[in-house]
Each structure stands twice: as C-alpha cells, then as structure tokens.
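The values are calculated or read from the model by the stated rules, or taken from the named source; none is laboratory data. Predicted model, so just to flag it, every value in this text is computed and none were measured. Methodologically, a virtual Cβ is constructed for each residue, glycine included, from the backbone with ideal geometry; neighbour enumeration extends over all protein chains shown.
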Amino acid sequence: MSTADQAMAPSAAANPPLNNLLAERPPVRPRRDSRLRALDGLRLLAALMVCMYHFTGKNGEVADSWDQSPGAMFPTLSQLSTYGSLGVQFFFVISGFVICMSSWGRSLGDFFRSRISRLYPAYWVAIAMVTAAAVLLPVVVAPVRPDELLVNLTMMQQPLGAPRVLGVCWTLWVELKFYALFALCVIWKGVTYRRVVTFCILWTLAGAFARIADSPLTDELVMRDHAPFFIGGLALYLIHRFGSDLLLWGIVGMSFLLGQRYAVMTLWHPGEQGDFYRSPYVVQAVVLLAFASVAAVALGWTRWADWRWLTVAGALTYPFYLIHEHLGWFFIRVLHRGLGLGSWPTLVLSVLSLLGLAWLMHRFVEKPFGPKLKRALPAVRMERAGGRGGGVERTGPTPSLTGRS
C-alpha cells in the first residue's frame, strides 16, 4: 500500500460511505399479527384533543351554539382546550408511522385499494349526516349548494375551492397528498429501509427549498409545514422495525425541530389574544409530547398497553373525527339552548353521543361496506386485464388517522 493509500485508510474507516449508512438491514422486531394497541389509544386521544378544541377552545360557530364564548363558560378547561388543535399534528406523526408499517410488502394497487376502501364509506355517510343536520337546523351550519355537495363526495373540494361540508376534511386532503407522495416515490418500487430513509431526507430538503421558493404550487405539493410530522413518523417506524441508529434519530430530531417551528408560527401570535391565549412554550411541549409518545411505541415501551378496549377506541376514531365538529355544534345548541341543559352535562352528553354515533358508523358502515369495496376494486382491474388473479387480500396491524388498512 502506498503512503497516500495508508493516509487515506483511517479517514475512510472513520467516514463510511453513504451507501453503508443506507444499507438494507434485517428487522430486529419481526411484524406480529396483533395490533399495536397503544397507537389506537393515541389516535383517540388526538381526536378528543381536536374535539375539545372545537367545543371549548375557540370562538365562532361554537360560541353561537353555546350562546356565549366557551372561554367564559369553561374558564379552566378552555385554557387547555385551545391547544387541542395540535391533535392534528399528533395524527400526522402517527400516520407517518403506520402508513410505513402497513405498506411494507404491498404493491401499489394493494395500497390504494386499502386506502380507498377505508376512507370513503364512513366519509360519505358523514357527509350525508352533516348535510341532514344542516337542513334541519341551518342556523348552526348552512347547507351547501348541490354542486358543492357533490364535489365534497370526491374529497377534492379543498383544491377546487368548494365549501367544505365537514370542517375537518382539510386534514384528509393533507393525508391524501401524503399517501400519493409516499406511494409514487416509495411504494411503487417496493418499500425498503434505504428508500424510506432517502425519501425522508429528500422530502425534508424539498420542504426547506419550498419555503425559499414561496410558491403556492410547491407548498401544496411538498406540504412544507406538515411534512416534518409525517417524516418523523416514518423514521420512528424504521426505528421500531430495524432498531435505533444515529441516522434515524437524526431524522426524528430534525423533524421535531422543524415541526415545532411550524406549530409555533401557526398557532401563536404575540399580543392580546382574548379568551384563548396560547403560550409558544406549551405549543412546543405538546409537539414534543406527540413525537415522544410515538417514539415510546417505536421503542416497545408500550407493549404493556395491550387492552382490547383500545382496539375499539381506535375503531371509533375515524368516524368520530369526521362527524364531531358540525354535529357537535348541533347537539350543543339543541341540548344547551333548546332543552336548557347545563354546560358540563351538555359537553359530556354531546361527546358521548358522538362516540355512540361513531360506533354505529363503524359497525354498520365500515365493517360491512369497507371490505366489499376493497374486493370490488381489484375485480374491476382484473376484468380489464383479462380476468387474471385471485383477488387475495392482505390485512395487518395498521392503526392510523383512518384506522385499519
């Protein structure tokens, strides 16, 4: 070996090539058939955070339903509930984790069939329920025009500029963009450690460049303000599957640092803020809690939380999330102003009623019609391809914002 080669050898050993950092590795935690039930509990917690924000942590339509500011009716609870909007970011971290988990070993067609069959049946029923409530009591939420209603059935109303029937469906549009981006960049080639890590790094850089470009189109495509939460969830699933390493924790740490900045910029404004003041330090703490909670699941620290009722809680989350906002305002107005029920009984009864409706939607809409839609989708594709294939379904432990895959 020459002198130059000897001089370079220690440096190469100390600085392994990037290919070594991204090398494929065997999983340290083989996938099990059981669900990660702790994630189901975290999903319901995030949904209840958003619910409390919509019922007691803001003004606007909910103040009209209560007939006064929730800040005056719930002076202590409202100071906590105003941070409940961060439940959305909590959902995004969980979604990054479970979409990576549920897409492993699946084809692009499998992935899209599972998402369509999971998202749309409950969503269509929620659209019908909220529209019926708007017709019955339009002082709470005004019904939209027929053309706007039909556009809402596609979930594409956000980019088309149509009014939303469901107030929370803007988050579904963000989720759909994440699914499409991850599917086209990773799933269609086959999900591997290297591809997910590369995707996380490039998406993080794209978000930074999108902020410099400051273009509405790039913002929509790259989702610069929401991307860190999904990316953090993706890296946390890799930690769960393959074990800890500095690269993965670096991605998680970078995602938290960027995510907390986005959250503070969005939710905190200096100066007088009325009944619902937010502290930037509490916003940062809630974002940290979201990342830390999913990290605890990734590291296996929540294996003890294996109660069956958590699976039920996870099943209720998506339908509850869809209907809680506008139907909740409907219940509050009827119970509190119509029947004269007290503020706390109205709040508790409204949440319990919505959870009951969510169970009915899961039992009589999602369970029977989701699998039927999933089976029907490959049948159409196979018929066009000449009737080949057996239509085999794959199922797995995939709790997320939208539940089982």
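The residue of segment 191-218 that is nearest to MET101 (Cα to Cα), among those that are of a type outside the set (A, V, I, L, M, F, W, C) and without any contact (Cβ under 8 Å) to a residue 24 or more places away in the chain, is ARG195. Restricting segment 41-60 to residues that are among the small types (Gly, Ala, Ser) and in contact with a Phe, Trp or Tyr (Cβ under 8 Å, 6 or more places away or on another chain) leaves a set whose member that is nearest to ILE332 (Cα to Cα) is GLY57.
Within segment 317-340, being more than 16 Å from LEU137 (Cβ to Cβ) and buried (at least 18 other Cβ atoms within 10 Å of the Cβ) holds for THR317, TYR318, PRO319, PHE320, TYR321, LEU322, HIS324.
Do we find that PHE199 is surrounded by fewer than 22 Cβ atoms within 10 Å (Cβ to Cβ), in contact with a Phe, Trp or Tyr (Cβ under 8 Å, 6 or more places away or on another chain) and either at pLDDT 95 or above or among the basic types (Lys, Arg) (or both) in this structure?
On the way: surrounded by fewer than 22 Cβ atoms within 10 Å (Cβ to Cβ): yes; in contact with a Phe, Trp or Tyr (Cβ under 8 Å, 6 or more places away or on another chain): yes; either at pLDDT 95 or above or among the basic types (Lys, Arg) (or both): yes.
When the stated conditions are applied, PHE199 passes them.
I need the full set of residues from segment 345-375 which are farther than 30 Å from ILE116 by Cβ, surrounded by fewer than 19 Cβ atoms within 10 Å (Cβ to Cβ) and touching a residue at least 12 places away in the same chain (Cβ under 8 Å), in order please. Outline the logic, then answer.
First, pick out the residues of segment 345-375 that are farther than 30 Å from ILE116 by Cβ: 345-350, 352.
Narrowing further to those that are surrounded by fewer than 19 Cβ atoms within 10 Å (Cβ to Cβ): 345, 348-349, 352.
The answer is LEU349, and nothing else.
How many residues does segment 78-99 hold that are touching a residue at least 60 places away in the same chain (Cβ under 8 Å) and within 13 Å of the chain's Cα centre (by Cα)? Total satisfying the criteria: 14. One residue stands out in segment 74-109 among those that are of a type outside the set (S, T, N, Q) and touching a Phe, Trp or Tyr at 6+ places or on another chain (Cβ under 6 Å): the one that is farthest from LEU377 (Cα to Cα), namely GLY84. Considering every residue within segment 243-250, establish whether at least one is outside any helix (DSSP H, G or I), charged (D, E, K, R) and more than 21 Å from THR204 (Cα to Cα). No, because not a single residue in segment 243-250 is outside any helix (DSSP H, G or I), charged (D, E, K, R) and more than 21 Å from THR204 (Cα to Cα).
Can you name every residue in segment 208-242 that is touching a helix residue (DSSP H, G or I) at 6+ places or on another chain (Cβ under 7 Å), among the aliphatic types (A, V, I, L, M), part of a helix (DSSP H, G or I) and at pLDDT below 95? Across segment 208-242, the qualifying residues are ALA210, VAL222. Contact map, segment 219-248: residues that are at positive phi and in contact (Cβ under 8 Å) with a residue 60 or more places away in the chain paired with residues that are surrounded by fewer than 20 Cβ atoms within 10 Å (Cβ to Cβ) and not hydroxyl-bearing (Ser, Thr, Tyr), Cβ distance under 7 Å, separation 6+ or inter-chain. Pairs shown: GLY243/VAL28. Within segment 55-77, the residues that satisfy the criterion of being under 23 Å from LEU166 (Cα atoms), in contact (Cβ under 8 Å) with a residue 12 or more places away in the chain and assigned to a helix (DSSP H, G or I) are PHE55, THR56, GLU61, VAL62, ASP64, SER65, TRP66, PRO70.
Going through VAL151, VAL186 one at a time, which residue ends up being free of Cβ contacts under 8 Å to residues at least 12 places away in the same chain, surrounded by 15 or more Cβ atoms within 10 Å (Cβ to Cβ) and among the aliphatic types (A, V, I, L, M)?
Working: VAL186 fails: free of Cβ contacts under 8 Å to residues at least 12 places away in the same chain.
Sole residue among the options that is free of Cβ contacts under 8 Å to residues at least 12 places away in the same chain, surrounded by 15 or more Cβ atoms within 10 Å (Cβ to Cβ) and among the aliphatic types (A, V, I, L, M): VAL151.
For segment 257-280, the count of residues that are part of a helix (DSSP H, G or I) and over 18 Å from ALA227 (Cα atoms) is at least one.
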